[in-house]
Amino acid sequence: MSSEKEKMLNGQPYLAFEKTLLDERQYAKKLIYELNQLHPLNLDARNNLLQTLLGKLGKNAFVELPFRCDYGYNIEIGDHFYSNYNCTILDCAKVVIGDNVLLAPNVSIFTAGHPIDAEKRNEGWEYAFPVTIGNNVWIGGNVVINPGVTIGNNVVIGSGSVVTKDIPSDCIAVGNPCKVLRTITEDDKLYYYKKLKF
């Protein structure tokens, strides 16, 4: 018989307040509390706590505080990552983030969800599906990424978007629900903002 943790990691319905999962979240909260109380100039301690908390933290990764997550060990972050203030990652399933990814303030990545049926929800059932973000991705402020989403490489997600479905590589996507606006082209190398040239 599968444990609640095994069910969580395998995309099956699970009970989140089972003792093992609760203890693991409490341990993560302890590390996150220590992390978010650090003096802003104490970068070595910040990096050490992040290395302890996360499943993988690439080189030259920088996380502005405060930061929040559920477990930590399900988060894998590539090289040259930057997360601005108030990043929240509900990592009940794997969250894999590639290289050269920028997260603006208030980005939320959710792998966890609850049943639509109120009775099942009230019984405490949850589910979790992985989120994957490719390389060279910029995610704008106040973006929400929902369970089971994959974002390709070289993508820009506009501020305030709610990403409910996969986003292909090499595009700008915006909106609620988030949809592809256009493909990124060689012409985009000429401009730094709208029609303002480098």
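Rule-based calculations on the coordinates, nothing more; no lab input. This one's a predicted model, so the numbers in the text were calculated from it and none came from an experiment. Note that each Cβ is placed from the backbone with ideal geometry, even for glycine, and that neighbours are counted across all protein chains shown.
Details
- Shape call, the chain: gyration tensor on alpha carbons, a/c limit 1.5: oblate
- Relative to the longest principal axis of the Cα atoms of the chain, helix 43-53 runs at roughly 50 degrees.
- Within the chain, longest stretch free of exposed trypsin sites (Lys or Arg not before Pro) [DSSP loop, at most 11 other beta carbons within 10 Å]: 60-193
- A Cβ-based charge dipole, computed about the Cα centre of the chain with Lys and Arg at +1 and Asp and Glu at -1, lands at about 480 debye.
- Whole-Hz Karplus values for the stretch 137-145 come out as 10, 10, 10, x, x, 6, 7, 10, 10 Hz, taken residue by residue from phi with 6.51 cos²θ - 1.76 cosθ + 1.60 and θ = phi - 60°; glycine and proline positions read x.
- Calculated mean residue ellipticity, 222 nm, the chain: -6000 deg cm²/dmol, from DSSP H runs (n ≥ 4) at -39500 (n - 2.57) each, averaged per residue and rounded to 500.
- Signed unit charges on C-beta, dipole axis of the chain, positive-most listed residue 69, 139, 17: 139
- Order of 27, 127 under a 10 Å beta carbon neighbour criterion, fewest first: 27, 127
- The stretch 10-67: C-alpha gyration tensor shape, a/c 1.5 cut-off, then a/b vs b/c: prolate
- For the chain, the share of DSSP beta bridges that are antiparallel, to the nearest 5, is 25%.
- With Cα atoms, 0 to 90° folded angle of helix 19-36 axis to the chain main axis: 50 degrees
- Phi-based couplings in Hz for the stretch 64-76 (Karplus 6.51, -1.76, 1.60; Gly and Pro marked x): 6, 9, x, 9, 9, 7, 8, 10, x, 5, 8, 9, 10
- The lysines within cross-link reach of residue 7, meaning a Cα-to-Cα straight distance under 26 Å and a gap of 8 or more places when in the same chain, are 19, 29, 30, 56, 94, 120, 165.
- Sorted by Cβ density within 10 Å, fewest first, the residues 172, 116: 116, 172
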